[in-house]
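Some notes on the structure that comes next.
Only the coordinates and a few stated rules stand behind these numbers; no lab work does. It should be emphasised that the depicted structure is a prediction, and the values quoted were computed from it without experimental measurement.
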Amino acid sequence: MQVSVLVVSLVLMIAVAAAFWRAVLHSAADEAQPRPSGHVEGYRTGLFWALVVLGAVAAVATLRPWPYDASASEGAIVVTATGSQWSWEIAPQQVPVGRPVVFKVTSNDVNHGFGVYDPDGVMLFQTQAMPGYVNQVRYTFAKPGKYRVLCMEYCGLVHHDMIEEIEVR
Ligand code: CUA
């Protein structure tokens, strides 16, 4: 599926590029107006190629392994987190430092938001907790400590009290 999406995207991109290239060639041939001075044209050409090079460098620099490296989850600790009105059931609640943890997050009733905060209160990541779905999020804790889980989505009267703790050691 992902491969066919990639192929279709590439074909469409090539088609769009070809259409643009055709338009450029035609406009150059049909141009009735006086051409800009050599100085301006040289500047435009330079700018054009500078942008092409910049785009290529940006594209290469932001390349990521594709499809995203599923094997990075090998040897990961699996933690299940289930939200209910109004509490979290998280197991296990202790995880080691420096090892990938895969959180499998779901809900027993309504939508909740599974948000994890570091000991300084900085949010690290979040995902939705949805009934009937298991959302996965992978994270490797770099520091030991007590991390807080808060509900990120209003889910009723006691939403504010859906607080749980994960100990990293
Ligand atoms: Cu659960 Cu808000």
GNM flexibility winner over the chain from 75, 121, 42 (Cα, springs under 10 Å): 42
Angle between the chain longest axis and helix 38-61 axis [Cα atoms, degrees, rounded to 10]: 30 degrees
Rounded to whole Hz, the Karplus (6.51, -1.76, 1.60) HN-Hα couplings of the range 142-152, x for glycine and proline: 8, 10, x, x, 9, 9, 9, 10, 10, 7, 9
Long-range HN-HN contacts of residue 129 with modeled amide H, under 5 Å: 112, 113, 114
